[in-house]
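The values are calculated or read from the model by the stated rules, or taken from the named source; none is laboratory data. Computed from a predicted structure; not experimentally measured. Using ideal geometry, Cβ is built from the backbone for each residue, glycine included, and neighbour counts are taken over all protein chains shown. Note: areas computed on protein heavy atoms with side chains; ligands, DNA, RNA excluded. Shrake-Rupley method; radii C 1.70, N 1.55, O 1.52, S 1.80 Å.
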Amino acid sequence: MTSKILIIVPAYNEEQAIVGTVQQLEQFHEYDYVVINDGSTDRTKEILEQHGFSHVTLPVNLGIGGAVQTGYRYAERFGYDYAIQLDADGQHDPEDLHHLVAEMKKRDVDMLIGSRFLEKSNYKGSLTRRTGILYFNYLLRMIARVNITDPTSGYRIVNRRVIEWFAKDYPVDYPEVEVIVKLARKGFKVEETKVEMNARQGGASSITAVKSVYYMAKVTFFSLIRSYI
Amino acid sequence: MNTVYLIVIASSLFFLIVVIGMTAKNKLTDQYAFMWLTFSIIGVVLAFALPYLNDFARAIGISYLPSLIFLLAFLVVLSLLIYHTHLLSKQEHRIKTLVQDVAFLQREIQEVRKEDSRS
């Protein structure tokens, strides 16, 4: 029996990159995809409709957490066995999809994260970004007892159990690291595998220096409070 | 009876009237209307009891009554704020679910329309 696999593509103001990303995804006939248009203020909605791309448009902006959760609720509704998160901005290479799915089935884990750092890759992030990643790696080893080299990676695949869990409960902002802590502490198995990441095709990263401090502080507090109390 | 005493009573009565007015015009939902009515009645009672409060403050070792009132008022306002943030979070969560549901429904409507136009 073939398993039903959904690719969730959260998109907020991605009019430049969305067509390229989705056209690449459409090459993979064995996977379904859904673009979650998170109340974009640019032409993302019109572009999605013009091209007839599969999408769900949120009438107002919910932020990354609410948008991604919409994808998981969609996956839950329509009975998908696996869900893959993939950024709309072209950073995540669809060529890795087969690899993610194959590894996921082989290892039988609950969440598999695509990592840029497991082997040498072409990724070069800013210093703040790399510091943050190192810090989160340390935090996860301390609190959740998992060694994730690329904890902020949004390129990830989860199984049905996690889909159902995320459909009910998903962090509002900066969810990537927090969900690893939650899953690991609930006894779900979280592992990672190597993927390639490109420089973004359009748009700007949502993470500025001030935000990254907030990101680190928020994840630390929440991980500590929600894990131990 | 001094001026300050009169001002305190007048403002507490004014507050009570505002709350009653807002309740009558349905500008406050029942549970909040009731909460504010209770607060404003307590306010009026305290305003009238001001002289006795002075004695009470002295009895428990507070020589300056306003500091007792400020402390109590501060604690009440703080708990109200936390309560409101709690309500706000609950509302946000509900709105998020509704927004997602609306988006799903819109998608379904579009799909049905497409099928209709084909047949």
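Numbers at a glance
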{"item": "Test result for A:Y138, farther than 24 Å from A:D96 by Cβ and either modelled with pLDDT of 85 or more or among the charged types (D, E, K, R) (or both)", "result": "yes"}
{"item": "Condition broken by A:V109, with the remaining ones in (1) within 16 Å of the chain's Cα centre (by Cα); (2) more than 14 Å from chain B (Cβ to nearest Cβ); (3) at negative phi; (4) crowded, with 19+ Cβ neighbours inside 10 Å satisfied", "result": "(1)"}
{"item": "Among the residues listed as B:F48, B:F74, B:F104, the single one being within 14 Å of another protein chain (Cβ to nearest Cβ), out of contact with any Pro (no Cβ under 9 Å at 6 or more places or on another chain) and of a type in the set (F, W, Y)", "result": "B:F104"}
{"item": "Qualifying residue in segment A:20-29 (condition: within 14 Å of another protein chain (Cβ to nearest Cβ) and among the hydrophobic types (A, V, I, L, M, F, W, C))", "result": "no"}
{"item": "A:G63 being open to solvent by 10 Å² or more (accessible area, probe 1.4 Å), at pLDDT below 95 and closer than 20 Å to B:R94 by Cβ", "result": "yes"}
{"item": "Inter-residue pairs, beta-carbon under 8 Å, first within 30 Å of A:G20 (Cβ to Cβ) and in segment A:200-229, second modelled with pLDDT of 80 or more and hydrophobic (A, V, I, L, M, F, W, C), 6+ apart", "result": "A:R200/A:A17; A:Q201/A:A17; A:G202/A:A17; A:G203/A:A17; A:S206/A:I64"}
{"item": "Every residue from segment B:49-82 that is open to solvent by 70 Å² or more (accessible area, probe 1.4 Å), farther than 23 Å from B:I7 by Cα and more than 19 Å from the chain's Cα centre (by Cα)", "result": "B:A59, B:I60"}
{"item": "Any chance A:D169 is surrounded by fewer than 19 Cβ atoms within 10 Å (Cβ to Cβ) and closer than 28 Å to A:K4 by Cβ", "result": "yes"}
{"item": "Every pair of residues 6+ apart whose Cβ atoms lie under 6 Å, when the first sits in segment A:58-82 and is within 13 Å of A:I5 (Cβ to Cβ) while the second is part of a helix (DSSP H, G or I) and of a type outside the set (A, V, I, L, M)", "result": "A:D81/A:R160"}
{"item": "Within segment A:21-46, tally of residues that are open to solvent by less than 70 Å² (accessible area, probe 1.4 Å) and under 20 Å from A:V68 (Cα atoms)", "result": "15"}
{"item": "Search result, residues across segment A:76-86 that are surrounded by 19 or more Cβ atoms within 10 Å (Cβ to Cβ) and either under 14 Å from the mean Cα position of the chain (by Cα) or facing chain B (nearest Cβ under 9 Å) (or both)", "result": "A:Y82, A:A83, A:I84, A:Q85, A:L86"}
{"item": "Qualifying positions in segment A:141-150 - at pLDDT below 90 and under 20 Å from A:A217 (Cβ atoms)", "result": "A:M142, A:I143, A:A144"}
